[in-house]
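Quick one: the structure is below, and I'll ask about it shortly.
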Amino acid sequence: MSLLEDLRVPRGRVELSSYSTRATPGVHGGKKRGHRALFDLGAELMELQTKLYAQREAVGARRLLLVLQGMDTSGKGGVLKHTVGLVDPVGVRITSFKAPTEEERAHDFLWRIEKAVPGPGYLGVFDRSHYEDVLIGRVRSLAPMTEIERRYDAINGFERRLVEEGTTIVKCFLHISPAEQKERLLARLDDPTKHWKYNPGDVDERQLWTDYARAYEIALERTNTDIAPWYVVPSDRKWYRNLAIGELLRESLKDLHLGWPPADFDVAAERRRLMDDTIGEAGA
């Protein structure tokens, strides 16, 4: 399967209502097989990501940025735990963007984003991102419309520069239905161990579902470029969401054609040194 093709958003107008939130494109079988497929994906994903990290000091080292956007409860945290959690955390940089601080608001909206861009060799993950500034910014009128319009072009320019500098960008919209969101919010209320995850403000935002959906459609239309395309990931089924993003990462890393960096020392000489080393041997 190639989910880079199956889930990619075509250029042009976007109508989210035409995308199923429960579909499982590219994957055959149900939840049990999906969990097994994600487990089986782990070893290859780990090797590919380790190759990326091992190349971090090389000239022209690449990096990969995973952008996760979606309505509340769409599963950004679940992806971090179950999918990103399959790889070596040493080579991962996760940034969860909250409401901007006073200092951040004093700068251009991309200022804090620039500081979180992963370095060479790293897998960076944005839990929410620069897209908040054209989503909640548009819905809640946090900036003049002329500024919101400017930001779409600024985002495209920013992402183009990252790609030119060696970054592969994988932008995922976690597509969840309002009915599924309601079930997940109720589940948090029903379980005392999940009360910490519940935010009353999520219900307020839920009342603006239609406005947010339209804001997402516009963002996807305006920033869906050839070099940094969008992927719509059906997210009502958690197991599919996690597997799909794992597969998107696998395919994207494979497309980098990474190898292991050559040794910068004399392997044979180092072997002789160790063979001649008697430390710890009996009688030494």
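The values are calculated or read from the model by the stated rules, or taken from the named source; none is laboratory data. As the structure is a prediction and not an experimental result, all values here were calculated from the model. FYI the Cβ positions are ideal-geometry reconstructions off the backbone, even for glycines, and counts take in every protein chain you see. To get the accessible areas, we keep the full protein, side chains included, count just its heavy atoms, and leave off ligands, DNA and RNA. Shrake-Rupley method; radii C 1.70, N 1.55, O 1.52, S 1.80 Å.
Residue separation times 0.36 nm, minus the C-alpha to C-alpha distance between residue 13 and residue 107: what's the value? Could you put the intermediate results ahead of the total?
On the way: separation 94, 0.36 × 94 = 33.84 nm, distance 3.17 nm.
Going from the current span to full extension adds 30.7 nm.
Okay, next question. With every protein chain kept in the model, how would you rank 74, 96 by accessible area, 1.4 Å probe, largest at the top? Walk me through the intermediate numbers first.
Working: 74 0, 96 55 Å².
Ranked from most to least accessible, the order is 96, 74.
Lys and Arg at +1, Asp and Glu at -1: add these up for the other residues within a Cβ distance under 15 Å of residue 204 and post the number.
Working: positive: 140, 182, 206; negative: 72, 202, 205, 211.
Here the charged neighbours net out to -1.
May I ask what percent, to the nearest 5, of DSSP beta bridges between residues of the chain are antiparallel? Before the final figure, lay out each step's value.
On the way: 1 of 24 bridges.
So the antiparallel bridges amount to about 5 percent of the total.
Here is a follow-up. Which residues make up the longest stretch of the chain that has no GluC sites (Glu not before Pro) in a DSSP loop with at most 13 other Cβ atoms within 10 Å? Working shown, then result.
Values: sites that count: 15, 57, 165, 281.
Between exposed loop sites, the widest span is 166-280.
Shifting gears a bit: What does a probe at residue 22 reach in segment 188-206, counting residues whose amide N is under 15 Å from the point 7 Å along Cα→Cβ?
none
Please report the spacing between the Cα centers of segment 1-60 and segment 131-153 in Å, no decimals.
Rounded to whole Å, the Cα centres lie 29 Å apart.
Another question, then. With label points built 7 Å along Cα→Cβ from the Cα atoms of residue 182 and residue 278, find their separation and express it in nm.
8.0 nm
Find out how many positive minus negative residues lie around residue 95, taking Lys and Arg as positive, Asp and Glu as negative, among other residues whose Cβ is under 11 Å from that of residue 95.
Numbers: positive: 93, 98, 112, 115, 128; negative: 127.
Once positives and negatives cancel, what remains is +4.
Work through the residues other than residue 261 whose Cβ is under 13 Å from its Cβ and net out their charges, Lys, Arg +1 and Asp, Glu -1. The partial results should precede the final answer.
On the way: positive: 51, 56, 62; negative: 57, 264.
Local charge sum for residue 261: +1.
Label points 7 Å out from Cα along the Cβ direction at residue 33 and residue 161: separation in nm?
A separation of 4.6 nm, rounded to one decimal place.
While we're looking at this one, here's another question. Roughly speaking, what is the stretch gain from residue 43 to residue 196, that is 0.36 nm per residue apart minus the C-alpha to C-alpha distance, in nm to one decimal?
Numbers: separation 153, 0.36 × 153 = 55.08 nm, distance 3.29 nm.
Difference between extended and current length: 51.8 nm.
Fully extended, how many nm does the chain gain between residue 153 and residue 93 (0.36 nm per residue separation, minus their Cα-Cα distance)? Could you put the intermediate results ahead of the total?
Values: separation 60, 0.36 × 60 = 21.60 nm, distance 2.60 nm.
Full-extension gain reported as 19.0 nm.
Further question: Quick one: how many Å² of residue 169 are accessible to a 1.4 Å probe, rounded to 10?
10 Å²
Moving to a separate point now. Please list the non-local residues whose amide H lies under 5 Å from the amide H of residue 171, H modeled 1.01 Å from N, same-chain partners needing a gap of 5 or more.
67, 231
Under 1.5 on a/c is rounded, so check that first for segment 60-130, then, if it is not, pick prolate when a/b is larger than b/c and oblate when it is not; a ≥ b ≥ c are the square roots of the alpha carbon gyration tensor eigenvalues.
Details: a/c = 2.52, a/b = 1.22, b/c = 2.08.
Because a/c hits 1.5 or more and a/b fails to exceed b/c, segment 60-130 counts as oblate.
Could you tell me the calculated FRET efficiency between residue 143 and residue 81, based on Cβ-Cβ distance and R0 = 30 angstrom, to the nearest 0.05?
Numbers: r = 33 Å, r/R0 = 1.10.
The calculated FRET efficiency here is 0.35.
Something else about it: Which one of 267, 170, 117 has the biggest mean-square fluctuation once the chain is modelled by GNM with Cα springs under 10 Å?
Greatest mean-square fluctuation among the candidates belongs to 267.
Membrane-span-like helices in the chain: DSSP H runs reaching 15 Å or more (Cα, own axis), mean Kyte hydropathy at least -1.0? Mind showing how you got there, number by number?
Details: long enough: 31-54 (34 Å, -0.48); 145-164 (29 Å, -0.89); 178-190 (18 Å, -1.04); 209-223 (21 Å, -0.71); 238-254 (24 Å, -0.54).
TM-like helix candidates: 31-54, 145-164, 209-223, 238-254.
For every helix of n ≥ 4 consecutive DSSP H residues, a contribution of -39,500 (n - 2.57) applies; sum these over the chain, divide by its total residues, and give [θ] at 222 nm rounded to the nearest 500 deg cm²/dmol. Could you put the intermediate results ahead of the total?
Details: 12 runs with 135 residues, N = 284.
Counting only the DSSP helices, I get -14500 deg cm²/dmol.
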